[in-house]
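Report on one structure; see the data block that follows.
The values are calculated or read from the model by the stated rules, or taken from the named source; none is laboratory data. Remember, predicted model here, so these are calculated numbers, not experimental data. Ideal geometry is used to build each Cβ from the backbone, glycine not excepted, and the neighbour counts take in all protein chains shown. The area values use the complete protein model at the heavy-atom level, side chains included, leaving out ligands, DNA and RNA. Shrake-Rupley method; radii C 1.70, N 1.55, O 1.52, S 1.80 Å.
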2 protein chains.
Amino acid sequence: MRIGELAARTDTPRRLLRYYEEQGLIVANRLPNGYRDYDDAYVDRVLQIRGLLDAGLPTRIIKQILPCLNKPRQIHFDDALPETLALLASERDKMTARISCLTRNRDAISEYLEIVSRTPASTTG
Amino acid sequence: MRIGELAARTDTPRRLLRYYEEQGLIVANRLPNGYRDYDDAYVDRVLQIRGLLDAGLPTRIIKQILPCLNKPRQIHFDDALPETLALLASERDKMTARISCLTRNRDAISEYLEIVSRTPASTTG
DNA sequence: TTTGACCTTCACATCGATGTGAGGGTTTCA
DNA sequence: TGAAACCCTCACATCGATGTGAAGGTCAAA
(Lines give C-alpha, C1' and ligand atoms only; values in the text may rest on other atoms or scores of the structure.)
Protein backbone atom coordinates (compact mmCIF):
# COMPACT_ATOMS: atom_id res chain seq x y z
CA MET A 1 0.00 0.00 0.00
CA ARG A 2 1.06 3.59 -0.46
CA ILE A 3 1.50 6.18 2.23
CA GLY A 4 -2.03 7.52 2.02
CA GLU A 5 -3.60 4.17 2.78
CA LEU A 6 -1.21 3.49 5.64
CA ALA A 7 -2.00 6.94 7.00
CA ALA A 8 -5.72 6.22 6.82
CA ARG A 9 -5.46 2.76 8.35
CA THR A 10 -3.35 3.97 11.26
CA ASP A 11 -4.99 7.37 11.63
CA THR A 12 -1.56 8.94 11.35
CA PRO A 13 -0.58 12.01 9.32
CA ARG A 14 1.62 11.21 6.33
CA ARG A 15 4.02 13.74 7.71
CA LEU A 16 4.61 11.53 10.71
CA LEU A 17 5.08 8.37 8.69
CA ARG A 18 7.88 10.14 6.84
CA TYR A 19 9.23 11.40 10.14
CA TYR A 20 9.29 7.90 11.62
CA GLU A 21 11.16 6.75 8.53
CA GLU A 22 13.62 9.60 8.93
CA GLN A 23 14.19 8.48 12.51
CA GLY A 24 14.84 4.93 11.38
CA LEU A 25 11.71 3.40 12.92
CA ILE A 26 10.30 2.15 9.64
CA VAL A 27 11.74 1.55 6.18
CA ALA A 28 9.67 1.86 3.03
CA ASN A 29 10.16 0.11 -0.26
CA ARG A 30 9.91 2.36 -3.27
CA LEU A 31 7.76 1.90 -6.34
CA PRO A 32 9.37 2.62 -9.72
CA ASN A 33 8.01 6.15 -9.59
CA GLY A 34 9.54 6.83 -6.19
CA TYR A 35 6.35 6.42 -4.14
CA ARG A 36 6.69 4.64 -0.81
CA ASP A 37 5.27 1.11 -0.72
CA TYR A 38 4.30 -0.56 2.55
CA ASP A 39 3.56 -4.12 3.55
CA ASP A 40 0.37 -4.84 5.52
CA ALA A 41 2.49 -5.54 8.59
CA TYR A 42 3.29 -1.85 8.80
CA VAL A 43 -0.19 -1.12 10.08
CA ASP A 44 0.53 -2.90 13.34
CA ARG A 45 4.06 -1.60 13.45
CA VAL A 46 2.96 2.01 13.12
CA LEU A 47 0.26 1.55 15.75
CA GLN A 48 2.87 0.10 18.05
CA ILE A 49 5.18 3.05 17.46
CA ARG A 50 2.38 5.49 18.16
CA GLY A 51 1.41 3.67 21.31
CA LEU A 52 4.94 3.81 22.63
CA LEU A 53 5.33 7.47 21.70
CA ASP A 54 2.08 8.22 23.47
CA ALA A 55 3.39 6.37 26.51
CA GLY A 56 6.36 8.66 26.71
CA LEU A 57 9.12 6.81 24.87
CA PRO A 58 11.20 8.88 22.45
CA THR A 59 11.86 7.65 18.91
CA ARG A 60 15.52 7.09 19.75
CA ILE A 61 14.53 4.46 22.33
CA ILE A 62 11.73 2.97 20.28
CA LYS A 63 14.23 2.41 17.51
CA GLN A 64 16.38 0.40 19.88
CA ILE A 65 13.67 -1.79 21.32
CA LEU A 66 11.61 -2.42 18.18
CA PRO A 67 13.99 -5.04 16.74
CA CYS A 68 13.62 -7.30 19.78
CA LEU A 69 9.86 -7.02 20.06
CA ASN A 70 8.53 -9.00 17.17
CA LYS A 71 11.21 -11.63 16.96
CA PRO A 72 12.01 -12.61 20.54
CA ARG A 73 12.54 -16.20 19.45
CA GLN A 74 14.73 -15.44 16.49
CA ILE A 75 17.49 -13.37 17.94
CA HIS A 76 19.87 -11.40 15.82
CA PHE A 77 23.06 -11.47 17.77
CA ASP A 78 24.14 -8.30 16.10
CA ASP A 79 21.53 -6.63 18.31
CA ALA A 80 22.66 -8.40 21.42
CA LEU A 81 25.67 -6.27 22.24
CA PRO A 82 26.19 -5.74 25.96
CA GLU A 83 25.31 -2.05 25.68
CA THR A 84 22.10 -2.89 23.87
CA LEU A 85 21.14 -5.42 26.50
CA ALA A 86 21.82 -2.93 29.27
CA LEU A 87 19.68 -0.36 27.53
CA LEU A 88 16.88 -2.87 27.09
CA ALA A 89 16.99 -3.81 30.77
CA SER A 90 16.99 -0.15 31.75
CA GLU A 91 14.05 0.66 29.50
CA ARG A 92 12.17 -2.36 30.76
CA ASP A 93 12.56 -1.01 34.29
CA LYS A 94 11.43 2.46 33.26
CA MET A 95 8.40 0.93 31.60
CA THR A 96 7.58 -0.97 34.77
CA ALA A 97 7.79 2.30 36.70
CA ARG A 98 5.48 3.99 34.17
CA ILE A 99 3.04 1.12 34.39
CA SER A 100 2.81 1.34 38.16
CA CYS A 101 2.47 5.11 38.09
CA LEU A 102 -0.28 4.94 35.48
CA THR A 103 -2.03 2.10 37.27
CA ARG A 104 -1.98 3.85 40.60
CA ASN A 105 -3.34 7.09 39.20
CA ARG A 106 -5.87 5.44 36.94
CA ASP A 107 -7.24 3.46 39.86
CA ALA A 108 -7.54 6.65 41.87
CA ILE A 109 -9.51 8.22 39.03
CA SER A 110 -11.71 5.17 38.83
CA GLU A 111 -12.38 5.29 42.53
CA TYR A 112 -13.23 8.96 42.32
CA LEU A 113 -15.62 8.40 39.43
CA GLU A 114 -17.16 5.47 41.24
CA ILE A 115 -17.90 7.57 44.29
CA VAL A 116 -19.25 10.47 42.28
CA SER A 117 -21.51 8.19 40.27
CA ARG A 118 -22.97 6.75 43.47
CA THR A 119 -23.66 10.16 44.91
CA PRO A 120 -27.19 11.43 44.27
CA ALA A 121 -27.22 14.57 42.19
CA SER A 122 -27.98 17.81 43.92
CA THR A 123 -30.54 20.09 42.30
CA THR A 124 -29.28 23.18 44.03
CA GLY A 125 -25.70 22.80 42.79
CA MET B 1 11.11 24.08 52.73
CA ARG B 2 12.38 26.38 50.02
CA ILE B 3 12.68 25.60 46.34
CA GLY B 4 16.24 24.35 46.52
CA GLU B 5 15.42 21.63 49.00
CA LEU B 6 12.32 20.55 47.11
CA ALA B 7 14.43 20.42 43.96
CA ALA B 8 17.01 18.25 45.70
CA ARG B 9 14.47 15.93 47.29
CA THR B 10 12.62 15.37 44.02
CA ASP B 11 15.65 15.50 41.75
CA THR B 12 13.90 18.17 39.72
CA PRO B 13 15.42 21.39 38.37
CA ARG B 14 14.13 24.51 40.10
CA ARG B 15 13.22 25.77 36.68
CA LEU B 16 10.67 23.00 36.35
CA LEU B 17 9.16 23.57 39.77
CA ARG B 18 8.49 27.16 38.72
CA TYR B 19 7.15 25.91 35.42
CA TYR B 20 4.75 23.50 37.14
CA GLU B 21 3.57 26.38 39.28
CA GLU B 22 3.08 28.54 36.19
CA GLN B 23 0.98 25.73 34.72
CA GLY B 24 -1.16 25.59 37.84
CA LEU B 25 0.01 22.15 39.00
CA ILE B 26 1.38 23.35 42.30
CA VAL B 27 0.96 26.48 44.39
CA ALA B 28 3.67 27.82 46.65
CA ASN B 29 3.29 29.86 49.79
CA ARG B 30 5.61 32.83 50.00
CA LEU B 31 7.92 33.75 52.82
CA PRO B 32 8.03 37.42 53.84
CA ASN B 33 11.00 37.94 51.55
CA GLY B 34 9.22 36.51 48.53
CA TYR B 35 10.86 33.09 48.56
CA ARG B 36 8.65 30.11 47.78
CA ASP B 37 7.80 27.93 50.77
CA TYR B 38 6.70 24.33 50.35
CA ASP B 39 5.05 21.82 52.62
CA ASP B 40 6.57 18.34 52.92
CA ALA B 41 3.62 16.93 51.00
CA TYR B 42 4.95 18.61 47.88
CA VAL B 43 7.70 16.04 47.58
CA ASP B 44 5.20 13.32 46.76
CA ARG B 45 3.13 15.66 44.68
CA VAL B 46 6.05 16.68 42.50
CA LEU B 47 7.13 13.07 42.09
CA GLN B 48 3.62 12.22 41.02
CA ILE B 49 3.61 15.04 38.49
CA ARG B 50 6.93 13.93 37.08
CA GLY B 51 5.76 10.36 36.83
CA LEU B 52 2.69 11.35 34.91
CA LEU B 53 4.65 13.64 32.61
CA ASP B 54 7.09 10.83 31.94
CA ALA B 55 4.15 8.58 31.13
CA GLY B 56 3.01 10.92 28.41
CA LEU B 57 0.39 13.11 30.09
CA PRO B 58 0.60 16.83 29.37
CA THR B 59 0.46 19.37 32.20
CA ARG B 60 -2.96 20.51 31.03
CA ILE B 61 -4.40 17.06 31.77
CA ILE B 62 -2.40 16.50 34.92
CA LYS B 63 -3.86 19.72 36.25
CA GLN B 64 -7.34 18.36 35.69
CA ILE B 65 -6.83 14.97 37.28
CA LEU B 66 -4.64 15.96 40.23
CA PRO B 67 -7.50 17.34 42.33
CA CYS B 68 -9.33 14.02 42.32
CA LEU B 69 -6.32 11.84 43.06
CA ASN B 70 -5.50 12.55 46.66
CA LYS B 71 -8.99 13.15 47.96
CA PRO B 72 -11.20 10.55 46.34
CA ARG B 73 -13.25 10.29 49.50
CA GLN B 74 -13.68 13.98 50.04
CA ILE B 75 -15.12 15.18 46.81
CA HIS B 76 -15.27 18.81 45.88
CA PHE B 77 -18.39 19.10 43.86
CA ASP B 78 -17.00 22.13 42.17
CA ASP B 79 -14.71 19.70 40.37
CA ALA B 80 -17.50 17.31 39.50
CA LEU B 81 -18.92 19.16 36.53
CA PRO B 82 -20.17 16.86 33.76
CA GLU B 83 -17.37 17.98 31.44
CA THR B 84 -14.78 17.26 34.08
CA LEU B 85 -16.21 13.81 34.70
CA ALA B 86 -16.20 13.06 30.98
CA LEU B 87 -12.59 14.17 30.73
CA LEU B 88 -11.65 12.00 33.70
CA ALA B 89 -13.33 8.97 32.18
CA SER B 90 -11.61 9.63 28.87
CA GLU B 91 -8.21 9.99 30.47
CA ARG B 92 -8.76 6.89 32.54
CA ASP B 93 -9.37 4.98 29.30
CA LYS B 94 -6.28 6.44 27.67
CA MET B 95 -4.26 5.44 30.69
CA THR B 96 -5.59 1.91 30.46
CA ALA B 97 -4.53 1.84 26.83
CA ARG B 98 -1.07 3.09 27.74
CA ILE B 99 -0.77 0.51 30.46
CA SER B 100 -1.59 -2.35 28.13
CA CYS B 101 0.76 -1.04 25.46
CA LEU B 102 3.58 -0.68 27.95
CA THR B 103 2.88 -4.05 29.52
CA ARG B 104 2.81 -5.83 26.20
CA ASN B 105 6.07 -4.31 25.04
CA ARG B 106 7.81 -4.62 28.35
CA ASP B 107 6.94 -8.30 28.50
CA ALA B 108 8.34 -8.76 25.01
CA ILE B 109 11.57 -7.11 26.11
CA SER B 110 11.68 -9.33 29.18
CA GLU B 111 11.16 -12.42 27.06
CA TYR B 112 13.90 -11.32 24.71
CA LEU B 113 16.32 -10.69 27.54
CA GLU B 114 15.39 -13.99 29.11
CA ILE B 115 16.22 -15.88 25.95
CA VAL B 116 19.45 -14.01 25.40
CA SER B 117 20.56 -14.61 28.96
CA ARG B 118 19.99 -18.35 28.59
CA THR B 119 22.00 -18.52 25.39
CA PRO B 120 25.64 -19.48 25.90
CA ALA B 121 28.00 -16.76 24.80
CA SER B 122 29.90 -17.24 21.60
CA THR B 123 33.63 -16.54 21.67
CA THR B 124 33.86 -15.99 17.93
CA GLY B 125 31.27 -13.19 17.86
C1' DT C 1 31.41 44.31 55.40
C1' DT C 2 32.16 41.38 51.92
C1' DT C 3 31.65 36.74 49.98
C1' DG C 4 28.89 32.93 48.70
C1' DA C 5 24.82 30.49 48.50
C1' DC C 6 20.51 31.04 48.29
C1' DC C 7 16.30 33.21 46.11
C1' DT C 8 13.48 36.32 42.54
C1' DT C 9 11.73 37.39 37.56
C1' DC C 10 12.48 37.54 32.71
C1' DA C 11 13.85 36.00 28.39
C1' DC C 12 15.96 33.66 24.91
C1' DA C 13 17.45 28.86 23.30
C1' DT C 14 16.95 23.95 22.50
C1' DC C 15 14.84 19.59 21.50
C1' DG C 16 11.41 16.27 19.96
C1' DA C 17 6.97 15.68 17.93
C1' DT C 18 3.90 17.69 14.89
C1' DG C 19 1.49 21.22 11.57
C1' DT C 20 1.51 23.45 7.23
C1' DG C 21 2.44 24.62 2.81
C1' DA C 22 5.23 25.60 -1.31
C1' DG C 23 6.86 23.73 -5.63
C1' DG C 24 6.67 20.00 -8.43
C1' DG C 25 6.04 15.05 -10.45
C1' DT C 26 2.53 10.92 -11.42
C1' DT C 27 -1.67 8.62 -12.32
C1' DT C 28 -6.49 8.37 -13.35
C1' DC C 29 -10.48 9.77 -15.30
C1' DA C 30 -13.61 12.74 -17.82
C1' DT D 1 -5.95 17.86 -22.64
C1' DG D 2 -6.98 19.16 -18.24
C1' DA D 3 -8.62 18.54 -13.52
C1' DA D 4 -8.34 15.80 -9.32
C1' DA D 5 -6.06 13.09 -6.26
C1' DC D 6 -2.32 11.06 -5.31
C1' DC D 7 2.85 11.21 -4.38
C1' DC D 8 7.73 13.53 -3.68
C1' DT D 9 11.26 16.73 -1.05
C1' DC D 10 12.24 20.72 1.55
C1' DA D 11 11.65 24.11 4.85
C1' DC D 12 9.71 27.00 8.03
C1' DA D 13 6.40 27.21 12.10
C1' DT D 14 4.33 25.65 16.38
C1' DC D 15 3.91 23.60 20.87
C1' DG D 16 5.22 21.62 25.28
C1' DA D 17 8.96 20.48 28.24
C1' DT D 18 13.36 21.82 29.47
C1' DG D 19 18.14 24.31 29.54
C1' DT D 20 20.64 28.41 30.49
C1' DG D 21 21.86 32.71 31.95
C1' DA D 22 21.37 37.65 32.97
C1' DA D 23 20.26 41.15 36.45
C1' DG D 24 19.28 41.64 40.88
C1' DG D 25 17.46 40.89 46.00
C1' DT D 26 18.28 38.21 50.71
C1' DC D 27 20.75 36.07 54.26
C1' DA D 28 24.34 33.76 56.90
C1' DA D 29 28.96 33.32 58.05
C1' DA D 30 33.82 34.83 57.91
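Shown for the protein assembly as shown: lysine pairs separated by 8 or more places, or found on different chains, whose C-alpha atoms are under 18 Å apart, numbering 4. Taking 7 Å steps out from each Cα toward its Cβ at A:L47 and A:R14 produces label points 2.3 nm apart.
P(r) tail for region B:36-86, what percent of Cα pairs lie past 18 Å? Value for region B:36-86 (Cα pairs over 18 Å): 40 percent.
Each Lys or Arg adds one and each Asp or Glu subtracts one; over the other residues with Cβ under 10 Å from the Cβ of B:G56, this totals +1.
In this rough spin-label picture, where each label sits 7 Å from Cα along the Cβ direction, the B:T59-A:N29 distance is 4.7 nm. Over all directions, how big on average is the projection of the convex hull of the alpha-carbon atoms in region A:81-125, in square nanometres? Averaging across all directions leaves 3.9 nm² for the Cα convex hull. For region B:1-71, the ratio of Cα radius of gyration to the globular rule of thumb 2.2 N^0.38 Å stands at 1.06. With Cα atoms as the point set, the radius of gyration and Dmax of chain B evaluate to 20.3, 69 Å. With its label point defined 7 Å out from Cα along the Cα-to-Cβ axis, A:N29 lies at 6.8 nm from the matching points of the other copies, in increasing order. Per residue, chain A exposes an accessible area of 58 Å² to a 1.4 Å probe, with every protein chain left in place.
Computed over the protein assembly as shown, the convex hull of the alpha-carbon atoms projects to a mean area of 19.9 nm². Spin-label model, A:D37 to B:S117: label points 7 Å out along the Cα-to-beta-carbon direction sit 4.3 nm apart.
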